[in-house]
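See below for the structure under consideration.
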Amino acid sequence: METTTRELKVRPGPGREYPILIGNGILRKLPEHIRRISGSCRVLVVTDKNVGRFHLKPVMKNLSGAGIDAEAEELPVGERYKNFGSYQKIVRRLAGLDDARDLIVVAFGGGVVGDLAGFAAATYRRGIPLIQAPTTLLACVDSSVGGKTGFDLPQGKNLVGSFYQPNLVLIDLDTLKTLPAHEFQSGMAEVIKYGLILDERFFARLEREIVMLPAHDSAPLAAAVERCCAIKAKVVGRDERDTKGVRAMLNFGHTFAHAIEAACGYATYSHGEAVAVGMICAAELSARSGYLKSNDLERIERLIEKAGLPNKIKGSTADELIEYMQRDKKTRTGKLRFILLERIGRAFVSDAPPLKDIRAVLKKRIVSF
Ligand SMILES: NC(=O)c1ccc[n+]([C@@H]2O[C@H](COP(=O)([O-])OP(=O)(O)OC[C@H]3O[C@@H](n4cnc5c(N)ncnc54)[C@H](O)[C@@H]3O)[C@@H](O)[C@H]2O)c1
Ligand SMILES: [Zn+2]
């Protein structure tokens, strides 16, 4: 189904801007967008085997029908493959395609594909054009916008990477219809996060509409994706390289979440589920620190529950979680750093919440079984 296309601009720095297009069926316009970048080019569509199975054929057919010389690289699925091997595959493939024409990368997949293909585009010949075409809710509202690219090393996540903005972000909501329900739900945690840190009105809208979001062709979904992208674009515009403490707000709930993912096992909690519990912990810590009102805390818990996301921690202890937090790369200064809420829609960075409060917040969420 083709509906109206929503358009936003990201302005990461003076004189630089790129559009985000959001709509149903808009991937069909990919050839036009490619032509606008270059009249004479070869294209590498990078995807993974899941997305490939559902969506690659029509995309490749459409490109070749438009006379565009395009090939596809289908990577194996999952975070485990966001590694040096996959990066090498992409850049070697690019080298094989390289001739007198321009080379363009299309990152067609979730955050794993987006980060890998983005980094390959950033580094091949010191930078070639990139189109981000995200296919998970998380990638639509978060990873495809803002230019963070890279891959993991055995020593840690995202250790190799760069900032590299795409020429265009093309969000076709129709691709989300094949996304497994738990992946959609996982992305919903990040959607809620935007309301919590920067937009009280959006949070209130989610309170009314969250159950309608999973329909891939619903107006509430398109509106929510647009709002999240607008917030992310604003944050990136103020702090492209994550050095001014503005982009750090996007880590709301994530200090807790990373510890929960690591301590409870990545199979127990998806990233979004861990973020959901993490956001409740961060909200609770904000209340304990004398900022967030108890009524707001209840609203946050209710919305997370309504989204079907978890609010309990199973399979770890407070001490273990604190140990993981202290090992987190963001604590190199020796202090635990948290994003707290003054109220719904206003976040700030706090360097020193007392350990006893962190422990109390965790204990309240942990269930033993
Ligand atoms: N660059 C950034 O700013 C940024 C921000 C947040 C997260 N990330 C990164 O994003 C990654 C997580 O992204 P993700 O959650 O999209 O994970 P993912 O890319 O692994 O996708 C999740 C799963 O959904 C499948 N999938 C994707 N689209 C599908 C579709 N339309 N239909 C059916 N299946 C589909 C994938 O094959 C995979 O199994 C992490 O590596 C994280 O570090 C980056
Ligand atoms: Zn996240």
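Post the alpha-carbon centroid distance, the stretch 12-36 to the stretch 104-153, in whole angstrom.
Answer, in whole Å: 14.
Net charge near residue 46, counting Lys/Arg +1 and Asp/Glu -1 over other residues with Cβ under 11 Å of its Cβ? Write down the numbers at each step before the final one.
On the way: positive: 89, 93; negative: 48, 71, 73, 74, 115.
Its environment carries a net charge of -3.
For residue 298 and residue 7, what is the calculated FRET efficiency with R₀ set at 51 Å and r taken between the beta-carbons, to the nearest 0.05?
Values: r = 37 Å, r/R0 = 0.72.
For residue 298 and residue 7, the calculated efficiency is 0.85.
Work out how much length residue 79 to residue 234 would gain on full extension: take 0.36 nm times their residue separation and subtract the Cα-Cα distance, in nm to one decimal. Intermediate values should be presented prior to the final figure.
Numbers: separation 155, 0.36 × 155 = 55.80 nm, distance 2.78 nm.
Contour length minus Cα-Cα distance gives 53.0 nm.
With springs connecting C-alpha atoms under 10 Å apart, model the chain as a Gaussian network and identify which of 83, 62, 295 has the largest mean-square fluctuation.
295
Length gain on complete extension for the stretch residue 355 to residue 54, per 0.36 nm per residue less the alpha carbon to alpha carbon distance?
Working: separation 301, 0.36 × 301 = 108.36 nm, distance 4.74 nm.
Length difference between fully extended and current span is 103.6 nm.
Sorting 47, 5, 243 on the 10 Å Cβ count, fewest up front, what's the list? List each step's numbers first, then the result.
Numbers: 47 25, 5 16, 243 9.
Ascending number of Cβ neighbours within 10 Å: 243, 5, 47.
Please go through the stretch 261-323 and write out the trypsin sites (Lys or Arg not before Pro) that DSSP classes as loop and that have at most 16 other C-beta atoms within 10 Å. It would help to have the intermediate numbers written out before the result.
Values: sites: 288, 293, 299, 302, 306, 312, 314; in loops: 293, 312.
Counting only loop positions with at most 16 other Cβ atoms within 10 Å, the trypsin sites (Lys or Arg not before Pro) in the stretch 261-323 are 293, 312.
Running a GNM on the chain with Cα contacts under 10 Å, which residue among 281, 140, 41 ends up with the highest mean-square fluctuation?
Result: 41 has the largest fluctuation of those listed.
So, R0 is 35 Å and r is the distance between the beta-carbons of residue 366 and residue 243; what FRET efficiency does that work out to, to 0.05?
Details: r = 35 Å, r/R0 = 1.00.
FRET efficiency, residue 366 to residue 243: 0.50.
What is the Cα radius of gyration of the stretch 24-145 over 2.2 N^0.38 Å, N being its residue count? Intermediate results must be reported in sequence, preceding the final value.
Numbers: Rg = 13.2 Å, N = 122, 2.2 N^0.38 = 13.7 Å.
For the stretch 24-145, the normalised Cα radius of gyration is 0.96.
With the crude spin-label approximation of a point 7 Å out along Cα→Cβ, what separation in nm comes out for residue 64 versus residue 346?
Going from the residue 64 label point to the residue 346 one covers 5.8 nm.
Please determine, in degrees from 0 to 90 and to the nearest 10, the orientation of helix 219-238 with respect to the longest principal axis defined by the Cα atoms of the chain, where the helix direction is its Cα long axis.
Approximately 90 degrees, to the nearest ten.
When the chain is modelled as a GNM with alpha-carbon springs shorter than 10 Å, which of 248, 222, 100 fluctuates the most?
Maximum fluctuation in the GNM of the chain, among the listed residues, is at 100.
Can you sort 317, 149 so the residue with the fewest Cβ neighbours within 10 Å comes first?
Numbers: 317 15, 149 27.
So the residues, fewest neighbours to most, are 317, 149.
Report the gain in length on full extension from residue 320 to residue 200: 0.36 nm times residue separation, minus Cα-Cα distance, nm rounded to one decimal.
Details: separation 120, 0.36 × 120 = 43.20 nm, distance 3.36 nm.
Contour length minus Cα-Cα distance gives 39.8 nm.
Find the relative contact order for the chain and round it to a whole percent, using C-alpha pairs within less than 8 Å whose residues are 6+ positions apart. Could you put the intermediate results ahead of the total?
Values: 703 pairs, mean separation 54.9, N = 369.
Result for the chain is 15 percent.
Estimate the FRET efficiency between residue 177 and residue 208 by the formula 1/(1 + (r/R0)^6), using the beta-carbon distance for r and 25 Å for R0, to the nearest 0.05. Working shown, then result.
On the way: r = 23 Å, r/R0 = 0.93.
Calculated value: 0.60.
Taken together, the values in this text are just the output of simple stated rules run on the coordinates, not laboratory data. Since the structure is predicted, the reported quantities are computational estimates derived from the model, not experimental observations. For neighbour counting, all protein chains shown are included, and Cβ atoms are generated from backbone atoms with ideal geometry for every residue, glycine included.
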